Amino acid sequence: MPIAPPSDANNWHQDFIARVIDAFARVTGGDLVAEAGLDPAAPISGNLGRSAWEGDFVLLTHDTNAILTYGNRFALDLWEMDWETLTRTPSRQTAPEEDRAARAVIMAQVERDGFTRSYTGRRVSRTGKLFLIENATVFTLRDEEGAGFGTGAFFKSITRL
């Protein structure tokens, strides 16, 4: 799992992003590169990690203990966090306290079914700003042997409240 912020020094977490994209395909049958609007050559050219980091979408992951492990630059800006803060944050804290029970229901559905599409829910930034995530895909992160390594979320649509 990523520890240091994405950079040239760690190849923008290319290998981790490739695992997330593979897990997305495995559980949803979809193509995250295409859905995110990334350059189709990025996985081949070695630019996948940087493309995901700089994308105009949110890509967020948490580990099996539900601690955030990755958020691209768009996610960091949206939640108003730096890398170190994000990667110490329990994922439930991305939702307002009064919405956490509804979030838990969705997370249980994802655990049971592998993913959900078109999820919409309120979220809260570190400074208390509310926003609505819309049409999110939330998916389990599983490797080729089926071992889970967390949960991912991908979305492009937000509305600031």
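Computed from the coordinates by the stated procedures, all read-outs in this text should not be read as laboratory data. Quick caveat: nothing in here was measured; it's all calculated off a predicted structure. Note that we place each Cβ from the backbone using ideal geometry, even for glycine, and neighbour counts take in every protein chain shown.
Observations
- Comparison of G55, G114 shows that the only residue that is of a type outside the set (D, E, K, R) and in contact with a strand residue (DSSP E or B) (Cβ under 7 Å, 6 or more places away or on another chain) is G114.
- The listed residue being part of a helix (DSSP H, G or I), surrounded by fewer than 20 Cβ atoms within 10 Å (Cβ to Cβ) and among the small types (G, A, S), out of A75, A34, A4: A34
Rundown of residues vs (1) within 13 Å of the chain's Cα centre (by Cα); (2) among the aliphatic types (A, V, I, L, M); (3) buried (at least 20 other Cβ atoms within 10 Å of the Cβ), yes/no style:
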position: S118; (1), (2), (3): no, no, no
position: R122; (1), (2), (3): no, no, no
position: S125; (1), (2), (3): no, no, no
position: R142; (1), (2), (3): no, no, no
position: T151; (1), (2), (3): yes, no, yes
position: K156; (1), (2), (3): yes, no, no
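- Region 28-53 residues that are among the acidic types (D, E), paired with ones that are surrounded by fewer than 19 Cβ atoms within 10 Å (Cβ to Cβ) (beta carbon under 8 Å, 6 or more apart): D31/A25; D39/S45; D39/N47
- Qualifying residue in region 44-54 (condition: more than 28 Å from T159 (Cα to Cα), of a type in the set (G, A, S) and within 16 Å of the chain's Cα centre (by Cα)): no
- Consider region 44-67 and keep the residues that are among the aliphatic types (A, V, I, L, M) and closer than 13 Å to F16 by Cβ. The one that is surrounded by the fewest Cβ atoms within 10 Å (Cβ to Cβ) is L59.
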